[in-house]
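What follows is calculated from the coordinates using simple rules that are stated; it is not laboratory data. It should be emphasised that the depicted structure is a prediction, and the values quoted were computed from it without experimental measurement. Counting neighbours? That spans all protein chains shown, and the Cβs are built from the backbone with ideal geometry, glycine included.
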Amino acid sequence: MIKKSLPYLEALFAVIVWGASFVATKIAVGQISPVAVVWLRFAMGIPMLLVAVVARKQFSFPKGGEWMYFSLLGFLGISFHQWLQSNGLKTAQASTTAWIVSTSPMFIAILGWMILKEKLSALQSSGIVLAMVGVLAVVSKGSLENIAIGNFGTAGDFLILVSAINWAVFSILSRRGLRDHPSTLLTFWVMTIGWLITSAAFFAGKNYTEIPKLDSLGWTAMIFLGVFTTGFA
């Protein structure tokens, strides 16, 4: 019984941790720059993932053209995606962000229909429309007048919405890699390459000088993001 329910408990754990990550990120970007948050977060999480890959005897290097493929995924799924969310949370509320990000499956379904020619049922199509209405209601704070005149939402809200679309693109592109590689190994290389891309901006901008600015609450938020969100979840 426990063995059968374990995957569901693991998925529930991931959902709870990812939901709380928006609050932790909001705290962290209040003390250091988004670039520093992303760099430090993955600097903590990647070694944990490497241990998992080695323990499962899955480790291998990308071959040939796979380096370009993993680099694209690393940029979209880590560097660009985390930049959007971290910068977005400087002005967007953590609760609003969680609602907007939850629409990623909607965009995945739309892209799957457009690019992969996956069929959508009437119920699925209705769900997509309902999700779109939900996003507009959350971002506009429920004011239809704001929607009509185009005056709604913070700049951060729009960055978070772009991140939801970006994650859908990343998810669609990842499907090919998941057919050829274990998910843990794919995630490790995507995270590592994305982190290296972020490292270029981190060191060029001397963002490492910001790390001492973190207080106890900031470090708690960063450890949660690095260990629990990036490592375990």
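Overview of results
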read-out: Theoretical ellipticity at 222 nm over the chain - DSSP helices of four or more residues, -39500 (n - 2.57) apiece, nearest 500; value: -23500 deg cm²/dmol
read-out: Efficiency of FRET from Cβ geometry, Ser121 and Lys4, R₀ 35 Å, rounded to 0.05; value: 0.80
read-out: Taking segment 22-135 and dividing mean pair separation by its residue count, relative contact order in percent (alpha carbons under 8 Å, at least six apart); value: 38
read-out: Prolate/oblate/rounded label for the chain (Cα gyration tensor, a/c 1.5); value: oblate
read-out: Karplus 3J(HN,Hα) series, Hz, for segment 211-217 with 6.51 cos²θ - 1.76 cosθ + 1.60 (x for Gly, Pro); value: 3, x, 6, 5, 8, 4, 5
read-out: Order of Tyr69, Tyr8 - criterion: other Cβ atoms within 10 Å of each residue's Cβ, fewest first; value: Tyr8, Tyr69
read-out: Partners for Lys4 among lysines (Cα-Cα distance below 27 Å; same-chain residues under 8 apart left out); value: Lys57
read-out: Of Ala24, Ser171, Ser126, farthest towards positive along the dipole that unit charges on Lys, Arg, Asp, Glu beta carbons give the chain; value: Ser171
read-out: Phi-based couplings in Hz for segment 70-78 (Karplus 6.51, -1.76, 1.60; Gly and Pro marked x); value: 5, 5, 4, 5, x, 5, 5, x, 10
read-out: Cα→Cβ-extended label distance, 7 Å offset, between Ala55 and Phe13, nm; value: 1.0
read-out: Amide H within-cut-off set for Thr91, under 5 Å, with H built and near neighbours excluded; value: Gly156
read-out: Mean separation of Cα contacts under 8 Å (6+ apart) over length of the chain, as relative contact order %; value: 45
read-out: Aspartates and glutamates with Cα under 15 Å of Lys63, excluding same-chain neighbours fewer than 8 positions away; value: Asp180
read-out: Whole-Hz couplings from phi, Karplus 6.51/-1.76/1.60, listed for segment 32-37; x for Gly and Pro; value: 9, 5, x, 4, 5, 4
